[in-house]
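What follows is calculated from the coordinates using simple rules that are stated; it is not laboratory data. What you are looking at is a predicted structure, and each value in this text was computed from that prediction instead of being measured. Methodologically, a virtual Cβ is constructed for each residue, glycine included, from the backbone with ideal geometry; neighbour enumeration extends over all protein chains shown.
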Amino acid sequence: MAISLESLRSAATRYKGARYRTLNEAKTHGAHRGFLCHSHKDAEYVKGLVQQLSEAGMNLYVDWEDQAMPEVPDRTTAERIQQAIISADFFLFLATPNAVISRWCPWEIGYANGKKQLQQILIVPTADASGKHYGNEYLQLYRQIDTRSGNRLEAVEPGRPSGVSVAQL
């Protein structure tokens, strides 16, 4: 079941920022670390997902929170993103209307697909208020994060009715 954009918007009101500012800091504290692929136009949804996953024990790297990222995307941006994808325990793709038409997001998931094991790539499908789902084209390839068992976030294998709690990844 896709995560509603409204629930992400609601969770954004509880947003306190990432628990750890860098992937190395999260690693030092033994936290699960995820690289979040997203559209920069979706800051509110990103904050909501960061908050929800933080509550489940996963720290997400968000490039616009990285003070070392160049203001204007360039080769350095791409290199830093590549390194963050490699360093993270998981790669997450927040599938929103903006992300599925982004120029960077397909590049990032393609890069992750070549660098990560299949079980390390997670799609976060979303649905808008009308019930339209985003991220469908990716669902058959990778695990997805959703809320099939009530409000508990789960990582679910394609074609399976349930999965494992994100807290247990």
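Taking the beta-carbon count within 10 Å as an exposure proxy, list Lys132, Lys27 from fewest neighbours to most.
Ordered by Cβ neighbours within 10 Å, fewest first: Lys132, Lys27.
Cα axis of helix 104-115 to longest principal axis of the chain: angle in degrees, 0 to 90, nearest 10?
Orientation of helix 104-115: about 90 degrees from the principal axis.
Within the chain, what percent of beta bridges assigned by DSSP are antiparallel, to the nearest 5?
The answer is about 30 percent antiparallel.
Assuming R0 = 22 Å, what is the FRET efficiency of Gln67 and Asn24, from their Cβ-Cβ distance, to the nearest 0.05?
In this case the efficiency is close to 0.95.
Between helix 75-87 and the chain, what is the angle of the helix's C-alpha long axis to the longest principal axis, kept within 0 to 90° and rounded to the nearest 10?
With both axes taken from Cα atoms, the answer is about 60 degrees.
Peptides 45-51, 80-86, 119-125: what's the order by average Cβ count within 10 Å, highest mean first?
Top to bottom by mean Cβ count within 10 Å: 45-51, 119-125, 80-86.
How big is the charge dipole of the range 3-168 about its Cα centre, in debye rounded to the nearest 20, if each Lys and Arg gets +1 on its Cβ and each Asp and Glu gets -1 on its Cβ?
It comes to approximately 280 debye.
Using Cα atoms only, what is the angle between the long axis of helix 43-55 and the major principal axis of the chain, expressed in degrees (0 to 90) to the nearest 10?
80 degrees
Calculate one ³J(HN,Hα) per residue across the range 4-16 by plugging θ = phi - 60° into the Karplus curve 6.51 cos²θ - 1.76 cosθ + 1.60, and present them in order as whole Hz with x for glycine and proline.
Per residue, the Karplus-derived 3J(HN,Hα) values read 6, 4, 5, 5, 5, 4, 5, 5, 4, 5, 9, 4, 10 Hz.
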